[in-house]
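Engineer: Pasting a structure below so you can have a look.
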Amino acid sequence: MSEKESRGAILWKLFKATFGLSACTFGGGFVIVSLMKKKFVEELGWLEEEEMLDITAIAQSSPGPIPINASVILGYRMAGLAGTAAAILGTILPPMFIISMIAVFYAQFRENQLIATALQVMRAGVAAVIFDVVWNLAKNVCKTKRVLYIALMIVSFMAAAVLDISAMLIILVCLVIGVMDAVTPVLRKQEKKGRISE
């Protein structure tokens, strides 16, 4: 298989995978992240679990819808700008079509008791998938065995769930703490080298 064909095959797989995930996902970005992990880490083997978690963290903390953000990074990681275009197209087409249809028949959808009941039942499934995402992310944080990360996770949860603090503020504070945690060892090494050279 030529390099061009293999690139074309990756683009087609990217489009098909993101299209399928987007078409069958109900419940927003947190749900699709879990399904993306199953598809791209477990099924296709394109990413390591750690890499998928990094993509998830970036997608959640960046402005805009989580599925689009994740598709941009994932597509670029797999096939550059063409991969990004394929992944975004696959992600936006199903909801655009479905929402357009709902908009046209909005009055009928709103008054249909069967659809209202189906949507109520789907919430239980959505809650289960979101719980799965939270559980997997929490497990991976605990695996690091870093007291700082585990404490941040617990404090962030309490701040959001109990104190009703804005998610954006929590993310910014965690970002600042994360940067400080990453920079501190580098500064210590430089300080140590400076003392040795003196």
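The values are calculated or read from the model by the stated rules, or taken from the named source; none is laboratory data. Just so we're clear, the structure is a prediction, and the values are computed from it rather than from any experiment. Positions of Cβ are backbone-derived with ideal geometry, glycine not excepted, and every protein chain shown enters the neighbour counts. In case anyone asks, the SASA skips ligands and DNA or RNA and just uses the protein heavy atoms, side chains included. Shrake-Rupley method; radii C 1.70, N 1.55, O 1.52, S 1.80 Å.
Engineer: Say we look at region 83-98 and pick out the residues that are surrounded by fewer than 21 Cβ atoms within 10 Å (Cβ to Cβ) and among the aliphatic types (A, V, I, L, M); which of these is farthest from the chain's Cα centre (by Cα)?
Structural biologist: Ile98
Engineer: Looking only at region 135-149, decide whether some residue is part of a helix (DSSP H, G or I), at pLDDT 85 or above and of a type in the set (A, V, I, L, M).
Structural biologist: yes
Engineer: Let me ask you something else. So, in region 121-173, how many residues would count as being open to solvent by 70 Å² or more (accessible area, probe 1.4 Å) and either at positive phi or among the charged types (D, E, K, R) (or both)?
Structural biologist: Total satisfying the criteria: 6.
Engineer: In region 42-72, how many are within 13 Å of the chain's Cα centre (by Cα) and in a helix (DSSP H, G or I)?
Structural biologist: Final tally of qualifying residues: 20.
Engineer: Follow-up. Does Glu49 satisfy the condition of being touching a residue at least 40 places away in the same chain (Cβ under 8 Å), open to solvent by 10 Å² or more (accessible area, probe 1.4 Å) and charged (D, E, K, R)?
Structural biologist: Taking the combined requirement at face value, the residue satisfies it.
Engineer: Modelled with pLDDT of 90 or more, closer than 17 Å to Gly20 by Cβ, among the aliphatic types (A, V, I, L, M) and assigned to a helix (DSSP H, G or I): is that true of Leu89 in this structure?
Structural biologist: yes
Engineer: Any residue at all in region 99-120 that's open to solvent by less than 70 Å² (accessible area, probe 1.4 Å), assigned to a helix (DSSP H, G or I) and in contact (Cβ under 8 Å) with a residue 12 or more places away in the chain?
Structural biologist: Within region 99-120 (the criterion being open to solvent by less than 70 Å² (accessible area, probe 1.4 Å), assigned to a helix (DSSP H, G or I) and in contact (Cβ under 8 Å) with a residue 12 or more places away in the chain), the answer is no, since none of the residues qualifies.
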